[in-house]
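One structure below.
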Amino acid sequence: MKQEYTVEYFKKSADFLLSKVSMRPKIAIVLGSCLGNLADLLEDKVIIDYKDIPNFLISTVESHAGKLIFGKLAGKEVVCMSGRFHYYEGYDFEQLVTPVRVFKLLGIETLILTNAAGGINKDFTNGDIMLIRDHLKLMGASPLRGPNIKDFGPRFFDVTDMYTKTLQETARKAANECGVTLREGNYVYATGPQFETPAEINAYRILGGDAVGMSTVTEALTAAHCGIKVLGLSLISNMAAGVLDAPLTTQEVDETACASAAKFQKLMISIVRNL
Ligand code: HPA
């Protein structure tokens, strides 16, 4: 039988977390592939395994730890997701709303979404960090498909300021302060797990895409629906298919993401400080 999603369903996860953790962060951070080590920097950590949270999902990707980590970053309470959920793992789009809806019930007001992405824009290079201005979702259903839960938001909802402009300004200021160069552009959502074809990447470039990845968009849409502000950051871990004359490998994606971890961490601390 198909699961019926209700506020009570998501409240079960949130109530469990509220009973385990005394912190009440307003900021949540989703850490992308190999960017999870930001969580090591948190102070006063409380770590909860996804598998212990009722009605939550489980990470199936190796480079995703599968833990919620509460703690303090730059003196502010935050909750980090080390490991996220993707459509390619076999989850339905409807299931992918879970973490963000649980965040909403925990009182989160600002969501920082990070990811590793392929560079479509030929001015980008491996290791660049791109501020997401907007996204292109050219395939797959919406995670908000199905009966609408009014307690979270309206049936039809506006996404013109989904990647919130005031947060983009904060990120620019924070990057400037800590001396990290910030690229900017549009993130293209591809469901994966295969990387894209060179023809697809060409098409995305013509349509205005700057980076491509298999995450983030489902979470951003869920946040926009329930009124959480979103900041999106992509670490360009490789140039997308066909940009360079070389095949793509997961090893390259992971190696670049790990090599850029220090720069990424510096930027994240500066952003949280400025929030
Ligand atoms: N394509 C899709 N997802 C990705 C890529 C890519 O090139 N790199 C990292 N995640």
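Of 146, 140, 127, all but one fail to be farther than 23 Å from residue 82 by Cα, within 16 Å of the ligand (Cβ to nearest atom), surrounded by fewer than 20 Cβ atoms within 10 Å (Cβ to Cβ) and small (Gly, Ala, Ser); the exception is 140.
Contact map, segment 65-94: first residue free of Cβ contacts under 8 Å to residues at least 60 places away in the same chain, second residue assigned to a strand (DSSP E or B) and charged (D, E, K, R), Cβ cut-off under 6 Å, separation 6 or more or different chains; pairs are 67/49; 69/45; 71/43; 71/44; 71/45; 72/43; 72/44; 82/67. Among the conditions (1) surrounded by fewer than 24 Cβ atoms within 10 Å (Cβ to Cβ); (2) away from the ligand (no atom under 16 Å from the Cβ), the only one that residue 122 does not satisfy is (2).
The residues of segment 40-58 that are aliphatic (A, V, I, L, M) and either free of Cβ contacts under 8 Å to residues at least 40 places away in the same chain or part of a loop (DSSP other than H, G, I, E, B) (or both), listed by number, are 42, 46, 47, 48, 53, 57, 58. A single entry from 184, 169, 252, 219 fulfils the requirement of being in contact with a strand residue (DSSP E or B) (Cβ under 7 Å, 6 or more places away or on another chain) and within 25 Å of residue 104 (Cβ to Cβ): 219. Of all residues in segment 219-275, those satisfying the criterion of being within 16 Å of the ligand (Cβ to nearest atom), hydrophobic (A, V, I, L, M, F, W, C) and under 28 Å from residue 41 (Cα atoms) are 220, 233, 235, 236, 253, 257, 258, 259, 261, 264.
Looking only at segment 243-269, count every residue that is of a type outside the set (A, V, I, L, M) and either closer than 23 Å to residue 179 by Cα or modelled with pLDDT of 90 or more (or both) and tell me the total.
If we filter segment 243-269 for residues that are of a type outside the set (A, V, I, L, M), which is where we start, we get 245, 247, 249-252, 254-256, 258, 260, 263-266.
Now narrow it down to the ones that are either closer than 23 Å to residue 179 by Cα or modelled with pLDDT of 90 or more (or both): 255-256, 258, 260, 263-266.
Of the residues in that region, 8 qualify.
So that you can scan it fast, the table gives a plain yes or no per residue for (1) loosely packed, with under 15 Cβ neighbours inside 10 Å; (2) under 22 Å from the mean Cα position of the chain (by Cα):
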position	(1), (2)
2	yes, no
16	no, no
21	no, no
24	yes, yes
27	no, yes
35	no, yes
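Inclusion of residue 188 among residues that are crowded, with 19+ Cβ neighbours inside 10 Å and more than 14 Å from residue 137 (Cβ to Cβ) is not warranted.
Tell me which residues, restricted to segment 109-120, are touching a Lys or Arg at 6+ places or on another chain (Cβ under 6 Å) and closer than 23 Å to residue 16 by Cα.
109, 110
The condition (being over 27 Å from residue 179 (Cα atoms) and either more than 16 Å from the ligand (Cβ to nearest atom) or polar (S, T, N, Q) (or both)) is satisfied by just one residue among 83, 90, 71: 90. Please count how many residues of segment 10-39 are part of a helix (DSSP H, G or I) and at pLDDT 95 or above. Within segment 10-39, residues that are part of a helix (DSSP H, G or I) and at pLDDT 95 or above number 11.
The values are calculated or read from the model by the stated rules, or taken from the named source; none is laboratory data. Keep in mind that this is a model prediction, so the values were computed, not measured. Backbone-built Cβ (ideal geometry, glycine too); neighbour counts: all protein chains shown.
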